Amino acid sequence: MTSSSNIAELINTLEAEIVALTEQVATLKKEPQNFNEQVVFKYIDTGSTGKTKDYVRSLGVKSERGSLFSSGDVSKLIKDGADDISPDILEIARMLTRTKNKYGKRK
């Protein structure tokens, strides 16, 4: 392979990454359309299931079980998703979770 084809491949890869990042930014600029999306956006904002749990509790919302919302409920929502959550928002939240698991907690 010549250096010009390597450069062309690199350009194609970088352009694809720019498109993906632009789409992610557009997703993050949207307002949450429902409560579940609001929870996932809060997780993306804080990077913390604990802080997200505290936020949901401050709203007085209980879990599906009828008990106080827990960090596990946040994790389950991100892992399992819900019909009313945009797949794009979920993917960003899951990407954040994978990054945290790989590199450790955000400070």
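The values are calculated or read from the model by the stated rules, or taken from the named source; none is laboratory data. Here the structure is a predicted model, which means the values were calculated and not measured. Quick reminder, even Gly has a Cβ in these numbers, built from the backbone with ideal geometry, and neighbours come from all protein chains shown. Please note that ligands, DNA and RNA were not included when accessible areas were found on the heavy atoms of the full protein model with its side chains. Shrake-Rupley method; radii C 1.70, N 1.55, O 1.52, S 1.80 Å.
Points worth noting:
- From 93, 82, residue being surrounded by fewer than 18 Cβ atoms within 10 Å (Cβ to Cβ), among the aliphatic types (A, V, I, L, M) and in contact with a helix residue (DSSP H, G or I) (Cβ under 6 Å, 6 or more places away or on another chain): 82
- Just one of the listed residues (102, 51, 62) is modelled with pLDDT of 95 or more and open to solvent by 80 Å² or more (accessible area, probe 1.4 Å), and it is 51.
- Flag for residue 68 being on the phi < 0 side of the Ramachandran plot, open to solvent by less than 70 Å² (accessible area, probe 1.4 Å) and not basic (Lys, Arg): no
- Count - residues of the stretch 26-48 that are surrounded by 10 or more Cβ atoms within 10 Å (Cβ to Cβ), in a helix (DSSP H, G or I) and not hydroxyl-bearing (Ser, Thr, Tyr): 12
- Check on residue 31, in contact with a helix residue (DSSP H, G or I) (Cβ under 9 Å, 6 or more places away or on another chain) and without any contact (Cβ under 8 Å) to a residue 12 or more places away in the chain: yes
- Subset tally (residues that are without any contact (Cβ under 8 Å) to a residue 24 or more places away in the chain and either over 20 Å from residue 50 (Cβ atoms) or not in a helix (DSSP H, G or I) (or both)) for the stretch 67-104: 9
- Any chance residue 57 is over 11 Å from residue 40 (Cβ atoms) and part of a helix (DSSP H, G or I): yes
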